[in-house]
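S.K.: Please read through the structure below; I'll follow up with questions.
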Amino acid sequence: MKEFKQSNLLQALPDQFFAKLSKKVAEAVHEGRDIINLGQGNPDQPTFPHIVEALKQAADRPINHKYSPFKGFPYIKQACAEFYKREYGVEVDPEREVALLFGGKTGLVELPQVLLNSGDLVLVPDPGYPDYWSGIALAGAEMYRMPLKKENRFLPQYEAIPEEICKRAKLLFINYPNNPTGAVADLEFFEQTIEFAHKHEICVVHDFAYGAIGFDGKKPVSYLEADRAKATGLEIYTLSKTYNMAGWRVGFAVGNPSVIAALELLQDHLHCSIFGAVQEAAAAALLSSQECVYEQAKLYERRRDVWMKGLSDIGWEADAPAGSFFTWLKVPDGYTSEQFSDLLLNEANIAVAPGAGFGAHGEGYVRAGMLASEERIREAIDRLKKINIFKKNVDSQA
Ligand code: PMP
């Protein structure tokens, strides 16, 4: 069989670090082992029933059996605008300031392609969500990694970026509540970001994938709440985590009209829009009561509390995240993040994501997602206790 060679473009794509992890976990499950999988970011709860019901009804409507309008139906853009007004008090022009996306990932990967030329520079968080790198590679652009450190509350330090890098940078990715660290940002940070980006004419992309998941009574702040946010960039919102709709592939970009137009132009060439029934259900999700969303954030918070208390009891000291469903945990001395993840998988049947997969500054950490029931999280703690590698365990045995 002739093997066709992949294009240079494909060969330039970064390695999919987490494909390796998924394979190891799948093999362990295949062997019949009972794995507690905290390694992925896939919500474990079903989509809320009223949204599924809206899809069922919309699926019967013949208008949805045709091609949807290229840019999506006007009502979905209207719903996105109403959502931003209601949730964040931000005025958005549904026609010029909203672009429908096949999930947030698609928009994040498309952005470098619609704004950059080969050799342009992008500022990315490290550790950070690896799909940013994919879009940058597809655009033939380069990236500068901004370290996110615990002592800086996992926020980038713009003043530490060399002047010549600032001059070359065209795009900046940030993401709060943050994957993988669970850190959150406040309005002041977004204002500093805008100040920095405005000075250097950089387009800000705030990935708000975990916008609905804030803890301790604090609602995550939208980038668009800051002054001049739209003039300086945009936010990418997804329904995947807010409504447990990861499989539905629906999200939207909201903000700077020139960037929205660029995204829509590329999409005109790449796809026809999302299935109309999914658009109707997405509008129902955005416009109906958000009580289920608030309840769900509380569910993640309870899981977080069980997990953090359990970790502290066994001597694995870590800071509780303020948002997202991730916990970011330091690995004990003497292990790389990958070695430690392998150890947890092999000896405790627990899957976590090695921090190195999120960038060099992720080394020394693992990410554990609160995507299992409280009961399973307690079970994970029991398993960790049994492998006996944390200090308190050792002390308590002495
Ligand atoms: N951004 C971050 C930080 C994420 O963790 C994810 C999902 N894992 C996404 C964006 C993309 O989500 P989706 O494509 O499902 O909208």
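S.K.: State whether one or more residues within region 218-231 are within 11 Å of the ligand (Cβ to nearest atom) and either at pLDDT 95 or above or closer than 26 Å to residue 51 by Cα (or both).
M.R.: The answer is no, given that none of the residues of region 218-231 is within 11 Å of the ligand (Cβ to nearest atom) and either at pLDDT 95 or above or closer than 26 Å to residue 51 by Cα (or both).
S.K.: Shifting gears a bit: Among the residues of region 176-186, is any surrounded by fewer than 17 Cβ atoms within 10 Å (Cβ to Cβ), closer than 22 Å to residue 261 by Cα and either in contact with a Leu (Cβ under 9 Å, 6 or more places away or on another chain) or not assigned by TED's automatic domain parsing to the domain that holds residue 322 (or both)?
M.R.: Within region 176-186 (the criterion being surrounded by fewer than 17 Cβ atoms within 10 Å (Cβ to Cβ), closer than 22 Å to residue 261 by Cα and either in contact with a Leu (Cβ under 9 Å, 6 or more places away or on another chain) or not assigned by TED's automatic domain parsing to the domain that holds residue 322 (or both)), the answer is no, since none of the residues qualifies.
S.K.: Just for region 248-272: of the residues that are within 16 Å of the ligand (Cβ to nearest atom) and farther than 21 Å from residue 178 by Cα, which one is least open to solvent (accessible area, probe 1.4 Å)?
M.R.: Filtering region 248-272 for residues that are within 16 Å of the ligand (Cβ to nearest atom) and farther than 21 Å from residue 178 by Cα, the one least open to solvent (accessible area, probe 1.4 Å) comes out as 263.
S.K.: Taking the conditions exactly as written (within 14 Å of the chain's Cα centre (by Cα) and assigned by TED's automatic domain parsing to the domain that holds residue 230), does residue 120 satisfy them or not?
M.R.: no
S.K.: Would you mind finding the one in 90, 98 that is open to solvent by less than 30 Å² (accessible area, probe 1.4 Å) and within 16 Å of the ligand (Cβ to nearest atom)?
M.R.: The unique qualifying residue is 98.
S.K.: Considering only residues that are without any contact (Cβ under 8 Å) to a residue 60 or more places away in the chain and either open to solvent by less than 70 Å² (accessible area, probe 1.4 Å) or within 16 Å of the ligand (Cβ to nearest atom) (or both), which ones fall in region 24-42?
M.R.: The answer is 26, 32.
S.K.: Now for a different question. Where residues in region 10-29 are among the aliphatic types (A, V, I, L, M) and touching a Gly at 6+ places or on another chain (Cβ under 7 Å), which of them is farthest from residue 357 (Cα to Cα)?
M.R.: Across region 10-29, the extreme among qualifying residues is 25.
S.K.: Between 63, 35, which is within 26 Å of residue 270 (Cβ to Cβ) and of a type in the set (Val, Ile, Thr)?
M.R.: Within the list 63, 35, the selection yields 63.
S.K.: Next up: Quick one: how many residues across region 296-310 are over 20 Å from the mean Cα position of the chain (by Cα) and surrounded by fewer than 21 Cβ atoms within 10 Å (Cβ to Cβ)?
M.R.: Residues in region 296-310 being over 20 Å from the mean Cα position of the chain (by Cα) and surrounded by fewer than 21 Cβ atoms within 10 Å (Cβ to Cβ): 6 in total.
S.K.: Any chance region 279-286 includes a residue that's acidic (Asp, Glu), touching a helix residue (DSSP H, G or I) at 6+ places or on another chain (Cβ under 6 Å) and open to solvent by less than 10 Å² (accessible area, probe 1.4 Å)?
M.R.: no
S.K.: Is it the case that some residue within region 353-363 is outside any helix (DSSP H, G or I) and either of a type in the set (D, E, K, R) or open to solvent by 50 Å² or more (accessible area, probe 1.4 Å) (or both)?
M.R.: We begin by selecting, within region 353-363, every residue outside any helix (DSSP H, G or I); these are 353-354, 359, 363.
Those left that are additionally either of a type in the set (D, E, K, R) or open to solvent by 50 Å² or more (accessible area, probe 1.4 Å) (or both): 363.
Taking every residue of region 353-363 in turn, at least one turns out to be outside any helix (DSSP H, G or I) and either of a type in the set (D, E, K, R) or open to solvent by 50 Å² or more (accessible area, probe 1.4 Å) (or both).
S.K.: Does residue 293 count as among the β-branched types (Val, Ile, Thr) and farther than 28 Å from residue 51 by Cα?
M.R.: Answer is no for this residue.
S.K.: From the list 85, 105, which one is assigned to a helix (DSSP H, G or I), open to solvent by 20 Å² or more (accessible area, probe 1.4 Å) and free of Cβ contacts under 8 Å to residues at least 24 places away in the same chain?
M.R.: 85
S.K.: Would you mind stating whether residue 237 is in contact with a Gly (Cβ under 9 Å, 6 or more places away or on another chain), hydroxyl-bearing (Ser, Thr, Tyr), open to solvent by less than 10 Å² (accessible area, probe 1.4 Å) and within 16 Å of the ligand (Cβ to nearest atom)? It would help to see each step written out before you state the result.
M.R.: Details: in contact with a Gly (Cβ under 9 Å, 6 or more places away or on another chain): yes; hydroxyl-bearing (Ser, Thr, Tyr): yes; open to solvent by less than 10 Å² (accessible area, probe 1.4 Å): yes; within 16 Å of the ligand (Cβ to nearest atom): yes.
Yes: the conditions hold for residue 237.
S.K.: Determine if region 375-383 includes at least one residue that is part of a loop (DSSP other than H, G, I, E, B), without any contact (Cβ under 8 Å) to a residue 40 or more places away in the chain and over 18 Å from residue 181 (Cβ atoms). First the steps, then the outcome.
M.R.: Kept after step one, since they are part of a loop (DSSP other than H, G, I, E, B), are these residues of region 375-383: none.
No, because not a single residue in region 375-383 is part of a loop (DSSP other than H, G, I, E, B), without any contact (Cβ under 8 Å) to a residue 40 or more places away in the chain and over 18 Å from residue 181 (Cβ atoms).
S.K.: List every residue pair whose Cβ atoms lie under 7 Å apart, where the two residues are 6 or more positions apart in sequence or sit on different chains, the first residue falls within region 209-224 and is within 19 Å of residue 303 (Cβ to Cβ) and open to solvent by 30 Å² or more (accessible area, probe 1.4 Å), and the second residue, located anywhere, is more than 14 Å from the ligand (Cβ to nearest atom) and in a loop (DSSP other than H, G, I, E, B).
M.R.: From residues that are within 19 Å of residue 303 (Cβ to Cβ) and open to solvent by 30 Å² or more (accessible area, probe 1.4 Å), the pairs are 216/322; 218/322.
S.K.: Let me ask something else. Considering (1) touching a Cys at 6+ places or on another chain (Cβ under 7 Å); (2) closer than 24 Å to residue 210 by Cα, say which one residue 99 fails and leave the rest.
M.R.: Among (1) touching a Cys at 6+ places or on another chain (Cβ under 7 Å); (2) closer than 24 Å to residue 210 by Cα, residue 99 violates only (1).
S.K.: Something else now. Report, ordered by the first and then the second residue, all pairs with beta carbons closer than 6 Å, sequence separation of six or more or different chains, a first member in region 126-145 that is more than 21 Å from residue 103 (Cβ to Cβ) and away from the ligand (no atom under 11 Å from the Cβ), and a second member that is open to solvent by 10 Å² or more (accessible area, probe 1.4 Å) and part of a strand (DSSP E or B).
M.R.: 126/145; 126/147
S.K.: Only residues that are in contact with a Leu (Cβ under 8 Å, 6 or more places away or on another chain), under 13 Å from residue 266 (Cβ atoms) and among the polar types (S, T, N, Q): list them for region 88-140, please.
M.R.: 113
S.K.: Any residue in region 1-23 that's within 30 Å of residue 37 (Cα to Cα): show its pairings with residues that are of a type outside the set (A, V, I, L, M, F, W, C) at Cβ separation under 6 Å, as long as the two are six or more apart or on different chains.
M.R.: Correct list of pairs: 17/357; 18/357; 21/39.
The values are calculated or read from the model by the stated rules, or taken from the named source; none is laboratory data. Just so it is clear, the structure is predicted and the values come from calculations on it, not from any experiment. Here the Cβ is made from the backbone with ideal geometry for all residues, glycine too, and neighbour counts use every protein chain on show. Heads up: the accessible areas ignore ligands, DNA and RNA and are worked out on the full protein's heavy atoms, side chains in. Shrake-Rupley method; radii C 1.70, N 1.55, O 1.52, S 1.80 Å.
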